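Contents: one structure, followed by commentary.
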Amino acid sequence: MHSGKCSYIGIILCSVGAMKKYLLELKNVNFSAQDDRKIVDDVSVVFTPGKTTAIVGPSGCGKSTVLKLAAGLLLPNSGEVLYKEKNITLLNRTENLDFRRESAFVFQDSALWANMDLLQILELPLRIHFPKMTKSQRLIRVKDAVAKAGYKKDLNIRPHRLSMGEQKLIAFARAMICNPSILFLDECTESLDETAAERLIDVIRKKQREGTSILFISHDMRLIIDLADYIIVVLEGKIHACAPKDEIISDLLLNDFIKIGIAS
């Protein structure tokens, strides 16, 4: 286990082979709440293409904020978030649209538009990123996405009529709609029954086989062991450790994870 400020994941990879061009980098990133309480403290980490990284830590440690910073949903107070070696705050309109099309985020609370029906919610990314796509083409893409996610009910209703689990299925379908190459998942199986969760996990495994880069947050130790190539441990806004999964697991036994609130 590496304590304190950890090495870049990319540097760890370099020890076993040639360095791959990285996809995302957080470089000395800091983020504070409106009351100036520091949530993310000098975080530096590199994510290489085609790997799955679990970001773990106790509740309130800053891991969701790290994920949102990496996805460009929050901007750091200082430091840089780099996408393909470019600061995301300096991307031009075309580059920013490319980043948004290539990436997708599943929020812990689903974050579905309350004033749209499900079909409109699912069509929206297609309207933005594929403006020449016809209505029938969009409908085919939507039906495919919801089928893979396991949602089987009416699409002409608004989110408030769905259970929390059903909302999560729609959020996952929305994330898949543009076939992203980067997936950000914040507790994506929370509120789902075992059958629905396993269906989504199967879709994630398929995306892994396709070479999708995945960053996910979970407290489910079985999910972390099953899916992760690398684990980042966040404690009190700092990266406490980052390494290949087997190194982290061998250093921190399951009881240790549970004891400090990382996993259940």
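A compact table of results
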quantity: Formal net charge of residues neighbouring ILE121 (Cβ-Cβ distance under 15 Å; K, R +1; D, E -1); calculated: +4
quantity: Three principal axis lengths of the range 105-264 [C-alpha, angstrom, descending]; calculated: 52, 31, 29
quantity: Antiparallel DSSP beta bridges within the chain, as percent of all bridges there, nearest 5; calculated: 55 percent
quantity: Whole-Å distance, taken between Cα centres, linking the range 34-108 and the range 172-222; calculated: 18 Å
quantity: For the range 228-245, 3J(HN,Hα) per residue [Karplus equation, 6.51 cos²θ - 1.76 cosθ + 1.60, θ = phi - 60°, Hz, x = Gly/Pro]; calculated: 6, 8, 9, 10, 10, 9, 10, 9, 6, x, 10, 7, 7, 7, 8, 6, x, 3
quantity: Zone residues, the range 42-64, relative to MET164, backbone N less than 20 Å from point 7 Å out along Cα-to-Cβ; calculated: 57-64
quantity: Label point distance in nm, SER250-ASN115, each placed 7 Å from Cα along Cα→Cβ; calculated: 5.6 nm
quantity: Violating pairs (Cα-Cα greater than 20 angstrom) within the set LYS27/LYS245; LYS148/LYS206; LYS84/LYS132; LYS51/LYS84; calculated: LYS27/LYS245; LYS84/LYS132
quantity: The range 152-198: C-alpha pair distances exceeding 14 Å, %; calculated: 54 percent
quantity: Net charge of Cβ neighbours under 14 Å - reference THR195; Lys, Arg +1; Asp, Glu -1; calculated: -2
quantity: Accessible surface, per residue, of the chain when the full set of protein chains is kept, probe 1.4 Å, Å²; calculated: 49 Å²
quantity: Summed side-chain charge close to LEU139 - residues other than LEU139 whose Cβ falls under 13 Å, Lys, Arg +1, Asp, Glu -1; calculated: +3
quantity: Residue of LEU183, LEU124, LEU69 that the Gaussian network model of the chain assigns the largest fluctuation, springs spanning Cα pairs under 10 Å; calculated: LEU124
quantity: Simple label model, 7 Å out from Cα along Cβ direction - LEU75 to THR195, nm; calculated: 4.6 nm
quantity: Net length gained if the chain between LYS38 and THR89 were fully extended (0.36 nm per residue, minus Cα distance); calculated: 16.3 nm
quantity: Nearest-ten-degree value, helix 93-102 long axis tilted from longest Cα axis of the chain; calculated: 90 degrees
quantity: The range 86-163: translational diffusion in µm²/s, Stokes-Einstein, Kirkwood Rh over Cα pairs, 20 °C, 1.002 mPa s; calculated: 151 µm²/s
quantity: Length-normalised contact order for the chain - Cα pairs under 8 Å, 6+ apart - percent; calculated: 29 percent
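The values are calculated or read from the model by the stated rules, or taken from the named source; none is laboratory data. Quick caveat, the model's predicted, so the values are computed rather than measured. Backbone-built Cβ (ideal geometry, glycine too); neighbour counts: all protein chains shown. In case anyone asks, the SASA skips ligands and DNA or RNA and just uses the protein heavy atoms, side chains included. Shrake-Rupley method; radii C 1.70, N 1.55, O 1.52, S 1.80 Å.
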